[in-house]
Amino acid sequence: MNPQEHTPTSTRPSSARHDEELRMRPGPGPIRPPLPPPRRPGGWTPPQPQPHPQPQPTDGPELQIADAARSVRIRLHNATPHDMVLVHTALSGGKWSGPGESEVPPSRVYTGTTWSWQSQSDGFMTGTEGSAVYTLQGTSANVEIRWDNPYVGGNSYKGIGPQPYLITHQGGSGHNATDDVTVTLVTTPMTAETNDQEIGAGSGHWMNSTAAMASNGLVSGHTHAWVTSDLTGFHGSVLPAAADADGNVIWFGTKRTYGPDADWAPGNPSSYSQPWHCTAPAGIVATARSLVLFQFADPKNMLARDLGILGKAIDVVAKAIKLFESGT
């Protein structure tokens, strides 16, 4: 062979070199996992935001209580504008259901949510009975829920709460019962009306008052005072009050006094018809069960100590006068 002649070599890289070039070329490559949250010196990781607590599902499966002769599951729906905060629980019969007796009443029932708990019998031929007390946050009102599923006899349920809160029950029958309890703020106002009342028999002095207390404590009233006598006029007052479930006066509103004159008297009207308003505190609204209107002759614009006339209308005279004097 001519020493100046040579066989040309291939320009294609070797297999090992080709593989190396492929590895060096940019490409999609493998998907890398996301980086962990940044860590501060000392190994501290910033806390992650936590979601708002979610209500327990109300349509899930019933708790497994095949070994309980009697049980009650309470599903409490809070239809009030207030969160319900647990104050006290008690079991006078049975035990709480769930692993480690974990199905206890929740510490808080958020407004607009439904939460549940369950108790069951514990022993031979026994039932279960209990109660839970909640306070409505931001008010002085407490709501108590009671249940009783005895081994012998019918089931019973009771809700105890002040106006204007209404507690209703649905269901609750059977050995393994579910009672749906709803607590609602009743917006229908309490009302009172005196009708036509003659202030003093045969006097010809008349008054008629109506009033309504709304759920926010606003008392809106209207009074008509008039004279049918040609000889004398009078001064009469209307006094709104709120009473509890036992009929005891727990609050007095603002007294309004009117003085229609006799028909013949010149310059002064013989009839007054005027609206009026006052507001009861939130704590009074929560415990009041009725609205009361007292009308009476008031020639000297009587003070609280003079209101012995109220003894004919209420049971606890001393308490009523004391509350009125204190302005509560």
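The values are calculated or read from the model by the stated rules, or taken from the named source; none is laboratory data. It should be emphasised that the depicted structure is a prediction, and the values quoted were computed from it without experimental measurement. Cβ placement follows ideal geometry from the backbone for every residue including glycine, while neighbour counts extend to all protein chains displayed. Just so you know, the surface numbers come from the protein's heavy atoms only, side chains and all, with ligands and any DNA or RNA stripped out. Shrake-Rupley method; radii C 1.70, N 1.55, O 1.52, S 1.80 Å.
Suppose the filter is in contact with a strand residue (DSSP E or B) (Cβ under 7 Å, 6 or more places away or on another chain), under 30 Å from Gly153 (Cβ atoms), open to solvent by 30 Å² or more (accessible area, probe 1.4 Å) and not aliphatic (A, V, I, L, M); does Thr182 pass it? First the steps, then the outcome.
On the way: in contact with a strand residue (DSSP E or B) (Cβ under 7 Å, 6 or more places away or on another chain): yes; under 30 Å from Gly153 (Cβ atoms): yes; open to solvent by 30 Å² or more (accessible area, probe 1.4 Å): yes; not aliphatic (A, V, I, L, M): yes.
Yes, satisfied.
Hey, does region 142-164 have a residue that's open to solvent by less than 20 Å² (accessible area, probe 1.4 Å) and without any contact (Cβ under 8 Å) to a residue 60 or more places away in the chain?
Yes, the conditions are met somewhere in region 142-164.
So which residues in region 271-294 are under 18 Å from Asp196 (Cα atoms) and small (Gly, Ala, Ser), if there are any at all?
Residues satisfying the conditions are Ser271, Ser273.
Considering only region 91-121, state which residues are assigned to a strand (DSSP E or B), touching a Gly at 6+ places or on another chain (Cβ under 6 Å) and open to solvent by less than 50 Å² (accessible area, probe 1.4 Å). Please lay out each step first, then the result.
Let us first name the residues in region 91-121 that are assigned to a strand (DSSP E or B), namely 91-93, 95-96, 108-109, 114-120.
Among the residues that remain, those that are also touching a Gly at 6+ places or on another chain (Cβ under 6 Å) are: 91, 93, 119-120.
Gly93, Ser119, Gln120, listed by residue number.
Could you list, in sequence order, the residues of region 122-141 that are within 16 Å of Arg70 (Cα to Cα), open to solvent by 40 Å² or more (accessible area, probe 1.4 Å), of a type outside the set (Ser, Thr, Tyr) and not in a strand (DSSP E or B)?
Asp122, Gly123, Phe124, Met125
On the basis of being in contact (Cβ under 8 Å) with a residue 60 or more places away in the chain, under 24 Å from Pro81 (Cβ atoms), surrounded by 15 or more Cβ atoms within 10 Å (Cβ to Cβ) and β-branched (Val, Ile, Thr), does Thr194 make the cut? Walk me through how you get there before you give the answer.
On the way: in contact (Cβ under 8 Å) with a residue 60 or more places away in the chain: yes; under 24 Å from Pro81 (Cβ atoms): no; surrounded by 15 or more Cβ atoms within 10 Å (Cβ to Cβ): yes; β-branched (Val, Ile, Thr): yes.
Against the criterion (in contact (Cβ under 8 Å) with a residue 60 or more places away in the chain, under 24 Å from Pro81 (Cβ atoms), surrounded by 15 or more Cβ atoms within 10 Å (Cβ to Cβ) and β-branched (Val, Ile, Thr)), Thr194 does not qualify.
If Val227 satisfies all but one of (1) more than 19 Å from Ser270 (Cα to Cα); (2) β-branched (Val, Ile, Thr); (3) modelled with pLDDT of 85 or more, what's the number of the condition it fails?
Checking Val227 against (1) more than 19 Å from Ser270 (Cα to Cα); (2) β-branched (Val, Ile, Thr); (3) modelled with pLDDT of 85 or more, the one that fails is (1).
Given (1) open to solvent by 20 Å² or more (accessible area, probe 1.4 Å); (2) under 30 Å from the mean Cα position of the chain (by Cα), where does Gly233 come up short, assuming only one miss?
Exception for Gly233: condition (2).
Name the residues in region 49-76 that are open to solvent by 60 Å² or more (accessible area, probe 1.4 Å) and modelled with pLDDT of 55 or more, would you?
Asp67, the sole residue that qualifies.
What are the pairs with Cβ atoms under 7 angstrom where one residue, in region 227-255, is under 22 Å from Gly217 (Cβ atoms) and of a type in the set (Ser, Thr, Tyr) and the other, located anywhere, is open to solvent by less than 30 Å² (accessible area, probe 1.4 Å) and part of a strand (DSSP E or B)? Sequence gap at least six, or different chains.
Here the result reads Ser237/Phe296; Thr254/Cys278, each pair linking region 227-255 to a residue that is open to solvent by less than 30 Å² (accessible area, probe 1.4 Å) and part of a strand (DSSP E or B).
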